[in-house]
1. Residues of the stretch 92-134 being aromatic (Phe, Trp, Tyr) and under 19 Å from THR72 (Cβ atoms), which ones?
2. For the stretch 119-131, give me each residue that is open to solvent by less than 30 Å² (accessible area, probe 1.4 Å) and not small (Gly, Ala, Ser).
3. Looking at the stretch 30-77 only, could you name the residues that are over 13 Å from the mean Cα position of the chain (by Cα) and among the hydrophobic types (A, V, I, L, M, F, W, C)?
4. Look through MET88, MET104 and report the one residue that is at pLDDT 95 or above and under 18 Å from LEU122 (Cα atoms).
5. Checking ARG87 against (1) loosely packed, with under 13 Cβ neighbours inside 10 Å; (2) part of a strand (DSSP E or B); (3) basic (Lys, Arg), which single condition isn't satisfied?
6. If you scan the stretch 153-162, which residues turn out to be under 24 Å from GLU31 (Cα atoms) and surrounded by fewer than 19 Cβ atoms within 10 Å (Cβ to Cβ)?
7. Quick check on this structure: which one of VAL80, VAL26, VAL116 is in contact (Cβ under 8 Å) with a residue 12 or more places away in the chain, outside any loop (DSSP other than H, G, I, E, B), open to solvent by less than 60 Å² (accessible area, probe 1.4 Å) and not aromatic (Phe, Trp, Tyr)?
8. Quick one: is ASP136 open to solvent by less than 50 Å² (accessible area, probe 1.4 Å), among the charged types (D, E, K, R) and outside any helix (DSSP H, G or I)?
Amino acid sequence: MEVEVKFAVENPDEIERIVEEMAEFVIDKEEYDLYFNHPCRDFAETDEALRVRRDVEGVTLTYKGRKVDPETKTREEIKVRLDDFDRMVAILGKLGFRVAGEVMKRRKIYRDGSVVICIDRLEGIGSFVELEIESDDVEGAKEKLFEYAEKLGLSREKSIRTSYLEMVLNVADSDGKG
């Protein structure tokens, strides 16, 4: 299971300075995500996601199951590495999947033991910190993540469960583009 907590932050540079003292830098990259909706069910209703991501590390197809915890973004996540972004998009289209939206972000990734720290910037949306652990011990991992968040000055009560796709679609709707 991917156990994840996310926080909107006003001060990403300050958070990054703290993280740099605690964790090992992994990568700084731009990610382009294309999300798809199933031809026979609405992933917004079923709380699932299907994404094709392209970044400097390659192409990944990811399925995300329903969130299993009311406080976090914990869910099953299945990833497959691919060779060709455009061909995967074409295959999904041929199978009846429709593009639901796209997300572009700048992401800096750090690691501190089992904790992965992502500092994300989405133009027009804002800056965020995601903390995640892959674990079958959801409650233990969740508590560890909230303790880690406190070290960064982020309180449990301020965690958010809204996905980046939902945020992007909400902005598009409010701009009359949705």
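The values are calculated or read from the model by the stated rules, or taken from the named source; none is laboratory data. From a predicted model like this one, the values you see are computed outputs, not experimental measurements. Cβ coordinates were reconstructed from backbone atoms using ideal geometry, including for glycine residues, and neighbour counts include every protein chain displayed. The accessibility values were calculated without ligands, DNA or RNA, using every heavy atom of the protein model including side chains. Shrake-Rupley method; radii C 1.70, N 1.55, O 1.52, S 1.80 Å.
1. First pass over the stretch 92-134, keeping only residues aromatic (Phe, Trp, Tyr): 97, 110, 128.
The one that is aromatic (Phe, Trp, Tyr) and under 19 Å from THR72 (Cβ atoms): PHE128.
2. If we filter the stretch 119-131 for residues that are open to solvent by less than 30 Å² (accessible area, probe 1.4 Å), which is where we start, we get 119-120, 122, 126-131.
Within the stretch 119-131, ILE119, ASP120, LEU122, PHE128, VAL129, GLU130, LEU131 meet the criteria.
3. Matches in the stretch 30-77: PHE36, CYS40, PHE43, ALA44, VAL56, VAL59, LEU61, VAL68.
4. Details: MET88 fails: under 18 Å from LEU122 (Cα atoms).
Selected residue: MET104, the only one of MET88, MET104 that is at pLDDT 95 or above and under 18 Å from LEU122 (Cα atoms).
5. All conditions pass for ARG87, except number (2).
6. Our first condition is that a residue be under 24 Å from GLU31 (Cα atoms); within the stretch 153-162, this holds for 159-162.
Once the filter is applied, which keeps residues that are under 24 Å from GLU31 (Cα atoms) and surrounded by fewer than 19 Cβ atoms within 10 Å (Cβ to Cβ), the stretch 153-162 yields ILE160, ARG161, THR162.
7. On the way: VAL80 fails: open to solvent by less than 60 Å² (accessible area, probe 1.4 Å); VAL26 fails: open to solvent by less than 60 Å² (accessible area, probe 1.4 Å).
Sole residue among the options that is in contact (Cβ under 8 Å) with a residue 12 or more places away in the chain, outside any loop (DSSP other than H, G, I, E, B), open to solvent by less than 60 Å² (accessible area, probe 1.4 Å) and not aromatic (Phe, Trp, Tyr): VAL116.
8. Working: open to solvent by less than 50 Å² (accessible area, probe 1.4 Å): no; among the charged types (D, E, K, R): yes; outside any helix (DSSP H, G or I): yes.
When the stated conditions are applied, ASP136 does not pass them.
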